[in-house]
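The structure appears below as C-alpha cells.
The values are calculated or read from the model by the stated rules, or taken from the named source; none is laboratory data. None of the values given here were measured: they were computed from a predicted structure. Every residue, glycine among them, receives a Cβ derived from its backbone with ideal geometry; neighbour counts consider all protein chains shown.
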C-alpha cells in the first residue's frame, strides 16, 4: 500500500473545495492529470474512493466529505510546524485575492507593499472586478478571499466587515445650476452614470431611488471609475463618486456636490472567504486588511494623471 503524503492531501483539499479539478490544478500550479494522479494515489493509500467520477464532473463521496475537515486540520498543523521552526519565514506560496476598482486605486498599493515586506515568500495575485464576480470566484475556489461591498448571502461564505466608504452625488456646476437637485436632474431625463449592476454602489443608488419614489431612470453603466468621473465632468449625467475624489474634483472646479435630504449611506466593505477555510493565510490577511483598508486614501483618477 502506498504511503499518504502531504502533497496528496493538499491536492485533495483543493479539488474538494474548488468548483472543479481545473481550478484546483491551477491553484497548485499543476496539470489536471498530475492533480488527478495525486488524488488517485491518496485513494489507493486509504483504500476508499474520495470522488465519484461516474458523471460529467467529479463529486465528493461520503468518505471524501469525512476526510475534508481532517485534511484541513493536517494542513493547518503542517503550517503551524513550519511557523514554529521558521517563524521568520511567514506565509509562503500563492495568494490570489479580489478587490474592486475603488480599492485598487486607493489602499491596494500600500497593502501589497506591506504584505510583501512582511511575507517575502508569498506571491500576491490581486484580481480587480465588481463585487458579484469576485464573490463567485471566492466561492468556487479561484480566489482565497475578496474585499468587496456588503456581506455575502451565500451559505458557503463568511464575511467580516472591515471598513466603510462614503459616496456623494455629483454633477457639473452648470448642470446643478440648471436643474437644482438630483431628483430634478433625473426627472429631466438626465441619466445616472454608475458601475454595473454587480457593484456594491448599485444598492446605494437603488435605495436612493426607492426613497424618492423614482421607478424609471436611464442608466449608463461603466466598469471604470475614471471613465465615470470623465462622463460626469463632461456633463453627460449625474452620479455618485467617492467623497474624497469628489472633493478633489470640486477643488478643481470640475464638479459640485449635490445636496439631498437622502444622502447615500456609507457603504460597508467586508473581507469575504469560504466557510471552513481556516488556513493561517486567511487569518493573517484579514488582520493586515483591517489595518490597511482606507477608502479616503489619496488616489489620482486615471483621467487626471
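Can you confirm whether region 210-232 contains a residue that is outside any helix (DSSP H, G or I), touching a strand residue (DSSP E or B) at 6+ places or on another chain (Cβ under 9 Å), farther than 25 Å from residue 147 by Cα and at pLDDT below 90? The answer is yes; a qualifying residue exists. Residues that are free of Cβ contacts under 8 Å to residues at least 12 places away in the same chain and either under 13 Å from the mean Cα position of the chain (by Cα) or more than 22 Å from residue 207 (Cβ to Cβ) (or both): find the helices (runs of 4 or more DSSP H) completely inside region 116-188 holding 1 or more of those. The helices (runs of 4 or more DSSP H) meeting that bar are 131-139, 173-179. Do the conditions hold for residue 124, that is, is it touching a helix residue (DSSP H, G or I) at 6+ places or on another chain (Cβ under 7 Å) and outside the structural domain of residue 292 (by TED's automatic domain parsing)? For residue 124, the condition - touching a helix residue (DSSP H, G or I) at 6+ places or on another chain (Cβ under 7 Å) and outside the structural domain of residue 292 (by TED's automatic domain parsing) - is not met.
Please determine, by comparing only the residues of region 112-136 that are within 15 Å of residue 282 (Cβ to Cβ) and touching a strand residue (DSSP E or B) at 6+ places or on another chain (Cβ under 8 Å), which one is surrounded by the most Cβ atoms within 10 Å (Cβ to Cβ). Only one residue tops the list, namely 115. So is residue 265 in contact with a strand residue (DSSP E or B) (Cβ under 6 Å, 6 or more places away or on another chain) and under 26 Å from residue 153 (Cα atoms) or not? For residue 265, the condition - in contact with a strand residue (DSSP E or B) (Cβ under 6 Å, 6 or more places away or on another chain) and under 26 Å from residue 153 (Cα atoms) - is not met.
Among residues that are out of contact with any helix residue (DSSP H, G or I) (no Cβ under 7 Å at 6 or more places or on another chain) and closer than 30 Å to residue 238 by Cβ, residue 69 is not included. So, residue 205, is that one assigned to a strand (DSSP E or B) and in contact with a strand residue (DSSP E or B) (Cβ under 7 Å, 6 or more places away or on another chain) or not? Against the criterion (assigned to a strand (DSSP E or B) and in contact with a strand residue (DSSP E or B) (Cβ under 7 Å, 6 or more places away or on another chain)), residue 205 does not qualify. When region 44-67 is filtered for residues that are in a helix (DSSP H, G or I) and either surrounded by fewer than 18 Cβ atoms within 10 Å (Cβ to Cβ) or free of Cβ contacts under 8 Å to residues at least 12 places away in the same chain (or both), the ones remaining, listed by number, are 44, 45, 46, 62, 63, 65, 66.
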